[in-house]
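Here is the structure we will look at, set down as C-alpha cells.
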Ligand code: AHR
C-alpha cells in the first residue's frame, strides 16, 4: 500500500470544530450536572410534569405530618409550600439511590420558613434514618414572614444512599429546602457536580450549545401555560424566584441550572456559549405553534433581551440582571441558534422576524438557523435553500444513524454547496455506545475535518445521561449519583478535540481493502427499542455483507447478554449461508448493571 500526499492542497480545519451539545435530557441537569442534592426542593412537582409526581415527590414525613399549601406562597413563581405540624420529621431521598455523601465533606443547607416561631433540626441520615452527621438546630423568626435560613452539615461517613432529614419542632411553613455540596466545579455557588464537569472540561470544547434539543421549543408558547416552552427569562435571578417547568422528556426541570449558570459554565470551560431559542414551531412532537403576531413579537423581544443579558452593559436592563447575579462583565456572546429542528411550515413564517431583528440590533452576532436531514442523510432542500435566502451564517444539521451510515457517508460534505451557509453539525451520533460505534464516528470525523472549509462546528449528542432516568441512548457520559463513566464515543471526541490539526492535506491511498479475517467475517450492528419483537433488523458485516434481515422474536438460542439480567431471545434467519453467527447483546448501560431493555446495541460477530 502507498499513500500520496499533495502538500500544495491543504484545507484549513476550523479552530472551533469540536464543541458540545448539552441538553437537559436524561436528568442531565437536576439529578446530574446541577449539584443540588434535594429532589423537588420547592414542592412544585405536579402531574403536569410526570403522571406519578405530586408536591411531595421524593419527600416522606417519617414523624408528624405535612399539608401542601398555596395560600401564602414564597412568591408568585414558587406557588406551593408545605406546612409541618409540631415534631414533624421530613426526609428527602434525593435522586437515584439517594444522596452521595463523603465523610468529612461539608454541605450547605438552606431553606425558607415562615408562619411559625420554632427551631428546625437538620441531619444527614442513611436510608434507615440513622444519623450520618451531627444535627444542626436553626431557630426561625417569630414575625411569621418568609425568611431564608442557612446552616452547614458535615457528613461523618460515606454514603451513596444518604438523605436529608429536617424536623420542625413546632408548626411552620417550609419551602426551597436545599442541600448543596460545598465542593462544586471551580467552587461556583449554585454550581455543578465536579466529576461530570471535569469530564466535560477535559474535552476542551470550543463551544457549548444549550439548553437543547427538543426542550427548547416544546410546550406552549402562551406565557401563562403550566407547560410552557423553554423561556430563558424563567431561568435567571434568585433560584427561589425561578419557575420550575415541565421538561419535554417527562420530568420537572427546576431551572436551578439556568441561563446564567450555562454562560458561566461556558466561560469556565473556555468555550463560546451557543444558546438556542425557539422560533415558534417544533421538530419534536406536535406542540402548539406561534401564529399570533403579538405573541411572536414577545418571543422575538425575548431573543433580543437574551443577547442583552449576555453582552449588554451592566446598566442596561438585562445586563443589570446579569451583573446582579455576579457577572458585571459581558459574557461575550458570539452566536445565537434560531430554532431546533423547526422546519415545519410555521418555521418559514416565523423565522424571518427573529433573524431580521437580531441582524439589525446585533449585526456581529452569528446566526445559526436549522436545516433538516432525513434518515438517508439528504438535506431537506427547502429548509437549506431557505437558510441561504435568509442569509443565516450557519445551518444546524442533526442526524443519528447506524455505524454503516457513518462509514459509507464519509464523503458526505465533499460535494456540499460551498456558496451557502456554513455547517454546524449540532447533533450527531451513531446509534450505540460500543467501540464499533465510536470507531465509525472517528472515521466520519476524518471526513468532517477534510471539509473544514465548509464545516465550522460539530457536536456529538446527547452529552449526559443518568442511568436511572434514561430518555435517550446512546449518550457520551453516563452517571449515577456518585459515579461517572465516559463512553467510547467520549474518548473519540476527546482524541479529536484535544489533537486538532490546523489543516488537512489532500492524500490518496493506494491499497486493497482489508479483507475479512478468517476468524471473523466482520461485526455488524443493529439497535432497537423496547418492543418485544423486532422486525426487519438489518445487520451488515464490516465487509458490507447483509447478513440478516428478518425479525427477532421469542424462542431462539445462541444469545449471550452482558450487563443485564434476563436474556432476550430471538430467531435469526441467516441471509448468507456462508456465515454462521453468534450475537452479543450489549446494554448501553451495562457499566451500571441496569436491566431496562431500552436502546440496546447488538453486535453480531459473523464467522466464515
Ligand atoms: O439529542 C436528542 C434529541 O434529538 C434532541 O432533543 C433533538 O434536537 C433531536 O431530535
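The values are calculated or read from the model by the stated rules, or taken from the named source; none is laboratory data. This structure is a prediction, so every number in the text was calculated from the model and none was measured. A quick note on method: Cβ atoms are made from the backbone with ideal geometry, for glycine too, and the neighbour counts reach across all protein chains shown.
Among 109, 90, 74, which is the only one that is on the phi < 0 side of the Ramachandran plot and in contact with a helix residue (DSSP H, G or I) (Cβ under 7 Å, 6 or more places away or on another chain)? Spell out how you get there, then give the answer.
Numbers: 109 fails: in contact with a helix residue (DSSP H, G or I) (Cβ under 7 Å, 6 or more places away or on another chain); 90 fails: in contact with a helix residue (DSSP H, G or I) (Cβ under 7 Å, 6 or more places away or on another chain).
After ruling out the rest, the residue left standing is 74.
Name every residue in the stretch 147-183 that is assigned to a loop (DSSP other than H, G, I, E, B) and either over 24 Å from residue 63 (Cβ atoms) or outside the structural domain of residue 96 (by TED's automatic domain parsing) (or both), in order of residue number.
Kept after step one, since they are assigned to a loop (DSSP other than H, G, I, E, B), are these residues of the stretch 147-183: 156-158, 169-171, 182-183.
Selection gives 158, 182, 183.
Exactly one of these conditions fails for residue 273: (1) at positive phi; (2) assigned by TED's automatic domain parsing to the domain that holds residue 424. Give me its number.
(1)
Per-residue answers, yes or no, for (1) in a loop (DSSP other than H, G, I, E, B); (2) within 16 Å of the ligand (Cβ to nearest atom); (3) under 20 Å from residue 338 (Cβ atoms):
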site: 263; (1), (2), (3): no, no, yes
site: 266; (1), (2), (3): no, no, yes
site: 281; (1), (2), (3): yes, yes, yes
site: 287; (1), (2), (3): yes, yes, yes
site: 291; (1), (2), (3): yes, no, yes
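Output the strands (runs of 3 or more DSSP E) that fall wholly within the stretch 1-114 and possess 3 or more residues being more than 14 Å from residue 177 (Cα to Cα) and within 16 Å of the ligand (Cβ to nearest atom), or say none. Steps first, answer last, please.
Numbers: elements: 2-12, 59-63, 66-69, 81-84, 88-92, 99-101, 106-114.
Counting at least 3 such residues, we get no strands (runs of 3 or more DSSP E) at all.
Look at residue 429 and say whether it is touching a residue at least 60 places away in the same chain (Cβ under 8 Å), within 13 Å of the ligand (Cβ to nearest atom) and out of contact with any strand residue (DSSP E or B) (no Cβ under 6 Å at 6 or more places or on another chain). Give the derivation first.
On the way: touching a residue at least 60 places away in the same chain (Cβ under 8 Å): yes; within 13 Å of the ligand (Cβ to nearest atom): yes; out of contact with any strand residue (DSSP E or B) (no Cβ under 6 Å at 6 or more places or on another chain): no.
Spelling it out, it is not the case that residue 429 is touching a residue at least 60 places away in the same chain (Cβ under 8 Å), within 13 Å of the ligand (Cβ to nearest atom) and out of contact with any strand residue (DSSP E or B) (no Cβ under 6 Å at 6 or more places or on another chain).
Report yes if residue 434 is in contact with a strand residue (DSSP E or B) (Cβ under 7 Å, 6 or more places away or on another chain) and within 15 Å of the ligand (Cβ to nearest atom), otherwise no. Full working, then the answer.
Details: in contact with a strand residue (DSSP E or B) (Cβ under 7 Å, 6 or more places away or on another chain): yes; within 15 Å of the ligand (Cβ to nearest atom): no.
No; evaluated as a whole, the condition is false for this residue.
State which residue is nearest to the chain's Cα centre (by Cα) when the search covers only the stretch 82-107 and only residues that are surrounded by fewer than 21 Cβ atoms within 10 Å (Cβ to Cβ) and more than 21 Å from residue 45 (Cβ to Cβ).
102
On the given criteria, is residue 306 in the same structural domain as residue 389 (by TED's automatic domain parsing), touching a strand residue (DSSP E or B) at 6+ places or on another chain (Cβ under 7 Å), closer than 22 Å to residue 29 by Cα and crowded, with 17+ Cβ neighbours inside 10 Å? Reasoning before the result, please.
Details: in the same structural domain as residue 389 (by TED's automatic domain parsing): no; touching a strand residue (DSSP E or B) at 6+ places or on another chain (Cβ under 7 Å): yes; closer than 22 Å to residue 29 by Cα: yes; crowded, with 17+ Cβ neighbours inside 10 Å: yes.
No: the conditions fail for residue 306.
I'd like to verify a number: residues in the stretch 353-390 that are surrounded by 18 or more Cβ atoms within 10 Å (Cβ to Cβ), at pLDDT below 95 and out of contact with any strand residue (DSSP E or B) (no Cβ under 6 Å at 6 or more places or on another chain), how many?
Total meeting the criteria: 4.
Could you tell me which numbered condition residue 398 fails, if it satisfies all but one of (1) within 16 Å of the ligand (Cβ to nearest atom); (2) crowded, with 23+ Cβ neighbours inside 10 Å; (3) under 27 Å from residue 12 (Cβ atoms)?
If we test residue 398 against (1) within 16 Å of the ligand (Cβ to nearest atom); (2) crowded, with 23+ Cβ neighbours inside 10 Å; (3) under 27 Å from residue 12 (Cβ atoms), just (2) comes out false.
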